[in-house]
Amino acid sequence: MSKSNHRRSLTADDWADAALDAVAENGVEAVAVERIARALGVTKGSFYWHFANRGALLDAALKRWERQQTEDVIARAEREQDPRNRIHRLFRNADGSKRAGQLYLAFAASANDPLVGPVIKRVNNRRIGFMMDCYSAMGLGPVEARQRAVLAYSVYLGTLQMRRDAPETIPAGPEFEDYMDYISMTLIPGFVTERRRENDQKTG
């Protein structure tokens, strides 16, 4: 493949994903055109097929992160009719990986950046707002709904930080599934896991 064709074959999403990888590894400052071009094995010419400057690339990376880690996750959770199951599915679908923690914490550390700050604020408000709506649909008043949403989101962010800083403390495999069920039963009033429900039926 010629260099010209290779430049054309890389999409804007490829560059945005590479920028997110750079952020996860070394923070927002690592979003540098030459550095990412080297990581992709291309020249800077490929970059200018898609973006005018570094700011445009960072903006695209932020939008991709926001869509994948917030809007897509919420969209899947919204398929559940019961508000308890919506929150449980939100917990289940949310990316709790080490990379997700690295990304969020790197963006949060750069909240003073004029491109990053508004996105972090919008993401936090969207996530908390969705959970508030779910708690309200369970019959909780606005104050308690917000308190529970903030608590639940704090648990999620804490898990991200532990994944990054002390991954050995977070269960893996089947134990992680049990851990997620425990979180849901602790944070969602009246929530019972499918497994617990089946066991109750057998012993009832």
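The values are calculated or read from the model by the stated rules, or taken from the named source; none is laboratory data. Keep in mind it's a predicted model, so treat the numbers as computed, not measured. Here the Cβ is made from the backbone with ideal geometry for all residues, glycine too, and neighbour counts use every protein chain on show. The protein model used for the area step is the full one, side chains on, heavy atoms only, and it has no ligands, DNA or RNA in it. Shrake-Rupley method; radii C 1.70, N 1.55, O 1.52, S 1.80 Å.
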| query | Restricting attention to the stretch 1-97, which trypsin sites (Lys or Arg not before Pro) occupy a DSSP loop and are surrounded by at most 12 other Cβ atoms within 10 Å? | reply | Arg79
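Quick one: how many lysine pairs does the chain have with C-alpha atoms less than 27 Å apart and a gap of 8 or more or different chains? Give me the count, please.
On the way: Lys3/Lys44; Lys44/Lys63; Lys63/Lys98; Lys63/Lys121; Lys98/Lys121.
The result is 5.
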| field | Angle in degrees between helix 116-137 and the longest Cα principal axis of the chain, rounded to the nearest 10 | value | 20 degrees
| request: Please report, in debye to the nearest 20, how large the charge dipole of the stretch 73-204 is about its Cα centre when each Lys and Arg carries +1 at its beta carbon and each Asp and Glu carries -1 there. | output: 360 debye
| query | Can you give the accessible area per residue of the stretch 1-149, in Å², using a 1.4 Å probe? | reply | 51 Å²
| remark: Helix 54-66 sits off the longest principal axis of the Cα atoms of the chain, rounded to the nearest 10 on a 0 to 90 degree scale, by 20 degrees
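When the accessible area of the stretch 49-143 is computed with all protein chains present and a 1.4 Å probe, what percentage of it is carbon and sulfur? Provide the component values of the computation, followed by the final result.
Working: 2250 of 4550 Å².
About 49 percent, which is the carbon plus sulfur part of the accessible surface.
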| Segments 167-173, 120-126 sorted - mean Cβ within 10 Å per residue, highest first | 120-126, 167-173
| request: May I ask for the angle, rounded to the nearest 10°, between helix 12-26 and the longest principal axis of the chain, with both axes built from Cα atoms and the value confined to 0 to 90°? | output: 70 degrees
| said: Explain nothing, just compute: Karplus ³J(HN,Hα) = 6.51 cos²θ - 1.76 cosθ + 1.60, θ = phi - 60°, for every residue of the stretch 97-104 in order, whole Hz, x for Gly and Pro. | reply: 6, 4, 4, 4, x, 4, 5, 4
| message | On the principal axes of its Cα set, how long, how wide and how thick is the chain? Give whole Å, largest value first. | response | 69, 35, 31
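For every helix of n ≥ 4 consecutive DSSP H residues, a contribution of -39,500 (n - 2.57) applies; sum these over the chain, divide by its total residues, and give [θ] at 222 nm rounded to the nearest 500 deg cm²/dmol. Walk me through the numbers before you get to the answer.
Working: 12 runs with 146 residues, N = 204.
The per-residue figure over the chain is -22500 deg cm²/dmol.
Using only alpha carbon pairs under 8 Å that are at least six residues apart, calculate the relative contact order of the stretch 60-184 and give it in whole percent. Show your work: numbers first, answer last.
On the way: 97 pairs, mean separation 35.1, N = 125.
It comes to 28 percent, rounded to a whole number.
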| message | How large is the accessible surface of Glu71 in square angstrom, using a 1.4 angstrom probe and rounding to the nearest 10? | response | 70 Å²
